[in-house]
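Below is one structure; the comments refer to it alone.
The values are calculated or read from the model by the stated rules, or taken from the named source; none is laboratory data. Because the structure is a prediction, the values reported are computed rather than measured. In this analysis, Cβ positions are derived from the backbone assuming ideal geometry, glycine residues included, and neighbour counts consider all displayed protein chains.
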Amino acid sequence: MDSRPIGVFDSGVGGLTVLKRLVEVLPGEDYIYFGDTKRVPYGDRSEEEIKKFAKQILNFMREQKVKAVVIACNTTCAVINKSEYDVVLFDVLKAGAESAALYTINKKIGAIATTRTVESKSYEKNIKIIDKNIEVYQKACPEFVPLIEKGLYNSPIAYETANKCLKELKEKDIDTLVLGCTHYPLMASVIEEIMGENVKIVDPAIKLAYDVKDYLLKKDLLNPQIRGKAEFFVSGDKDNFIKTAEMLLGEKIENVLHVDIEKY
C-alpha cells in the first residue's frame with residue numbers, strides 16, 4: 001500500500017482526458033495534474049525545448065513526492081529518453097501503438113498527432129515492432145490543439161478543420177485511427193462523424209490506465225482509500241483550463257494553482 005499521489009502532465013488541457021480514464025480505473029488514487037498552459041502547444045517546439053520542459057516538470061513532480069508519473073503528452077513521449085529519469089514513467093504513445101495494433105483487422109492504421117510526434121515516426125516505429133506487416137499512415141493536425149485549448153472542440157470550425165485534416169486518411173482505407181495527442185479525444189465525436197462507423201477510433205488513455213493499475217497491483221502500491229482527490233497546477237492561463245476540466249471530469253474544480261515551472 002502506498003498513499004503517495006500519481007503525477008500526470010501534459011502541455012495543457014489534453015491530459016485531462018487521460019486523468020479521466022485513470023480516475024475511472026483507479027478511483028482510490030490521489031493525483032497531481034500539471035498543465036503547461038503557458039507554453040502550449042508543444043507540437044511545433046524543438047526537441048531541446050521539449051526535453052527542457054520535461055525535465056522541469058519532472059523536477060516539480062519529484063517535489064510533490066509522486067510514486068509514478070504518467071506522461072499524458074505524445075509529443076514529449078516521442079522526444080525524451082525515459083531511461084534518463086529516475087522516476088517510474090508511463091508512456092501514452094506506447095499504449096496507443098499497442099491498442100491500435102490489437103484492433104486493426106485489415107492492417108491499415110492511421111495516426112493523427114502533432115507535427116513533432118509525426119516527424120519522429122514514433123507511432124509507426126512502435127506499431128511495426130508489434131507487427132511489421134501493418135501499414136501506418138501518419139498525419140499532423142497542428143490546428144487541433146489551439147482550438148481545443150480555446151474550448152472550441154465541438155464548434156463548426158472544429159468540424160471544418162478536422163474534415164480538411166482527415167481527408168487524406170479517409171482515402172487510405174484504414175480501419176483504425178489512433179488519437180495520437182491527448183487533446184484529440186475532446187474532438188472524438190467530430191472525428192468519428194467524419195471517419196464513419198467502419199473506422200475504430202483509439203483513445204490510448206484506456207489501455208494506459210490499465211497499465212498503471214497492473215503496475216500498482218504488482219508492486220503493492222495501491223492507495224487503500226475508496227475515493228481519492230486530484231490537485232491541479234498550471235503554468236499559465238487558468239480560465240479555459242477550469243472550464244474544460246469541469247466539463248470533462250463532471251465536477252466543480254475549486255482550486256487550480258499557478259506554478260512558476262521555469263524555476264525547476
Query raised in the report: Among (1) outside any loop (DSSP other than H, G, I, E, B); (2) within 26 Å of Asn133 (Cβ to Cβ); (3) without any contact (Cβ under 8 Å) to a residue 60 or more places away in the chain, which single condition is Lys207 missing?
Result: (3)
Query - Failed item in (1) among the hydroxyl-bearing types (Ser, Thr, Tyr); (2) in the same structural domain as Phe241 (by TED's automatic domain parsing); (3) under 30 Å from Glu160 (Cβ atoms); (4) surrounded by fewer than 16 Cβ atoms within 10 Å (Cβ to Cβ), with Ser83 passing the rest - result: (3)
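Restricting attention to the range 156-169, does a residue exist that is of a type in the set (Gly, Ala, Ser) and touching a Lys or Arg at 6+ places or on another chain (Cβ under 9 Å)?
The answer is no; no qualifying residue exists.
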Query raised in the report: What residue, among those in the range 1-55 that are in a helix (DSSP H, G or I) and under 12 Å from the mean Cα position of the chain (by Cα), is farthest from Thr244 (Cα to Cα)?
Result: Leu22
Requested in this report: Those residues that are out of contact with any Asp or Glu (no Cβ under 7 Å at 6 or more places or on another chain) and in contact (Cβ under 8 Å) with a residue 60 or more places away in the chain, I need them from the range 92-108; list them, please.
Outcome: Val92, Leu93, Gly96, Ala97, Glu98, Ser99, Ala100, Tyr103
**Report entry** Qualifying positions in the range 229-264 - outside any strand (DSSP E or B) and of a type in the set (A, V, I, L, M, F, W, C)
**Finding:** Phe241, Ile242, Ala245, Met247, Leu248, Leu249, Ile253, Val259, Ile261
Query raised in the report: Considering Leu186, Leu169, Leu177, which residue is within 23 Å of Gly43 (Cα to Cα), not in a helix (DSSP H, G or I) and not assigned by TED's automatic domain parsing to the domain that holds Lys51?
Result: Leu177
**Report entry** Search result, residues across the range 121-146 that are farther than 15 Å from Lys94 by Cβ and over 16 Å from the mean Cα position of the chain (by Cα)
**Finding:** Lys132, Asn133, Ile134, Glu135, Tyr137, Gln138, Lys139, Glu143
Requested in this report: Determine whether the range 79-96 contains at least one residue that is of a type in the set (Gly, Ala, Ser) and within 14 Å of the chain's Cα centre (by Cα).
Outcome: yes
Query raised in the report: Does Ile50 satisfy the condition of being in contact with a strand residue (DSSP E or B) (Cβ under 8 Å, 6 or more places away or on another chain) and in the same structural domain as Phe241 (by TED's automatic domain parsing)?
Result: no
Report task. Scan (1) modelled with pLDDT of 95 or more; (2) within 19 Å of Gly151 (Cα to Cα); (3) surrounded by fewer than 16 Cβ atoms within 10 Å (Cβ to Cβ); (4) in contact with a helix residue (DSSP H, G or I) (Cβ under 8 Å, 6 or more places away or on another chain) for the single condition Lys213 breaks and write down its number. Result -> (2)
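With in contact (Cβ under 8 Å) with a residue 12 or more places away in the chain and buried (at least 19 other Cβ atoms within 10 Å of the Cβ) as the only criterion, which of Arg62, Arg21 stands out?
Within the list Arg62, Arg21, the selection yields Arg21.
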